[in-house]
1. Note the distances from B:Ser54 to each other copy's matching label point, with points 7 Å along the Cα-to-beta-carbon direction, in nm, sorted shortest first.
2. Taking the Cβ of A:Arg219 as the centre, find all other residues whose Cβ is under 10 Å away and add up their charges (Lys, Arg: +1; Asp, Glu: -1).
3. Go ahead and set up a Gaussian network model of chain B, Cα springs under 10 Å, then flag whichever of B:Lys215, B:Lys74, B:Lys31 fluctuates most.
4. When N counts the residues of region B:75-233, how does its alpha-carbon radius of gyration compare numerically with 2.2 N^0.38 Å, as a ratio?
5. Any idea what the alpha-carbon Rg over 2.2 N^0.38 Å comes to for region A:1-113?
6. Dipole of region A:3-67, Cα-centred, from +1 at each Lys and Arg C-beta and -1 at each Asp and Glu C-beta, to the nearest 20 debye?
7. Please name which of B:Gly73, B:Ile62, B:Gly33 has its Cα lying farthest along the dipole of chain B towards the positive end, using unit charges on Cβ (Lys, Arg +1; Asp, Glu -1) and the Cα centre as origin.
8. Using only helices, what value at 222 nm comes out for chain B when you add -39,500 (n - 2.57) per DSSP H run of length 4 or more and divide by the total residues, to the nearest 500 deg cm²/dmol?
2 protein chains.
Amino acid sequence: MQIFYDPDISTNGGFLNEEEAKHCVKVLRHKPGDKIFVIDGKGSRFHCEIAETSSKTCRLTILDTEKAPAVEGKCHIAIAPTKSNDRFEWFLEKSTEIGIDKITPLLCKQSERKRIKIPRLERVLTAATKQSLRLWKPDITELTDIKDFLNSDHQEKYKFIAHCEGKDRKELFNELQKRDNHEDVLILIGPEGDFTKEEIETALSKGFQPVSLGKNRLRTETAGIAACMAIQLTSSYYK
Amino acid sequence: MQIFYDPDISTNGGFLNEEEAKHCVKVLRHKPGDKIFVIDGKGSRFHCEIAETSSKTCRLTILDTEKAPAVEGKCHIAIAPTKSNDRFEWFLEKSTEIGIDKITPLLCKQSERKRIKIPRLERVLTAATKQSLRLWKPDITELTDIKDFLNSDHQEKYKFIAHCEGKDRKELFNELQKRDNHEDVLILIGPEGDFTKEEIETALSKGFQPVSLGKNRLRTETAGIAACMAIQLTSSYYK
């Protein structure tokens, strides 16, 4: 059964948003009586029947609702968008499949990409959420300067900065073994040119632990996925 | 310093193969006296000085050699190529960065891609090997029918088949905790439509253990990378 996304479906009288309505009615040619799923990206999946359609609208009756509890032990990755949009979109898609809750695109000194298009990235996250049958859609924030990001408060108990140099680094995977299942994790992944010494020192002064992501050199988007996997494999599901 | 790839460089009198020679001399404009690295993809990295160049040739003097020992606890993934070439090439690139030793493209009943171009895929593996500073280049075989693959002998001690249904499946990551660092692993990853019941039964009869790759539904190429990461995180590096 097909899945549509509308964050407001349970509060707007059952009217599917315009984009999904057009896709539902004009492209997929659904009719009154057809059954579909709608997710709101906030844990609920509504089993619906199409009540009424027009060229731009689609009104649904909600038959029943499935709710997934909020994720415990959230994964927040703050990552410098890559120069190649494809690579960054690939990271968003894969991390959604594997399990991620929040992405903060970071603007760093060595960043190769200084502008991003959030609507486009939201579409990638929505498509990946539907495709992997998830009920929680990852959040993505606006591009954030790393200095401002480090100066803000972060609720995550475990905070890491992954970078390429330095003997003080521990292995992320080993450090994650120490956490309780429900404790949230935040990790910073730098641009291809890595974080600057100053950025690393500021992060350390704010309580971020320096970590390595294994013995190999990884591209930025691969580092993001590796961090995601390490966080998932040390979550409650595996305990 | 730039890295070139030539599997025969140590046995052919120092003549870089034609493709790399042209790239070195015509594109990158290297001259006699310049220093470069050449990897043979079989564990050696040669620090070389360019002795002589012409429009099609580049002769090197090997100054010194660095050797990496053979990987212990090899990772072999037999995976059905995806319909999208891009997605399969992403898998090859990412698995090379993370750590993989052998790829067998599989032809299954539900396969969406029944033909692949090995030279193209070899280029992807070569580029990823250079980019991630690896000294061992992953092997890739020709497209192999899964029936023939299951009928062959496999030297790997740990053999798994990842699929989407069934209560008998254990978690790959948990099963991998049992292995010794130096024991090789082979895992089968099916096409988007999954393996057929018959393919799974045949694999089980040949000693493959049925496994899951976590709680989420993953695309084929993501499953390949998830398996790769699970295998790396349970390797000797983390013990």
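The values are calculated or read from the model by the stated rules, or taken from the named source; none is laboratory data. Here the structure is a predicted model, which is why all the values come from computation and not from measurement. Note: ideal-geometry Cβ built from the backbone for every residue, glycine included; neighbour counts use all protein chains shown. In case anyone asks, the SASA skips ligands and DNA or RNA and just uses the protein heavy atoms, side chains included. Shrake-Rupley method; radii C 1.70, N 1.55, O 1.52, S 1.80 Å.
1. So the distances to the same position in the other copies read 7.8 nm.
2. Details: positive: A:Arg87, A:Arg217, B:Lys94; negative: A:Glu192, A:Glu221, B:Glu93, B:Glu97.
Result for the neighbourhood of A:Arg219: -1.
3. Of B:Lys215, B:Lys74, B:Lys31, the Gaussian network model singles out B:Lys215 as fluctuating most.
4. Working: Rg = 14.5 Å, N = 159, 2.2 N^0.38 = 15.1 Å.
Normalised Cα radius of gyration, region B:75-233: 0.96.
5. Values: Rg = 17.7 Å, N = 113, 2.2 N^0.38 = 13.3 Å.
Relative to the rule-of-thumb radius for its length, region A:1-113 sits at 1.34.
6. Working: 10 positive and 11 negative charges, 40 e Å.
Dipole of region A:3-67, to the nearest 20 debye: 200 debye.
7. B:Gly33
8. The per-residue figure over chain B is -8000 deg cm²/dmol.
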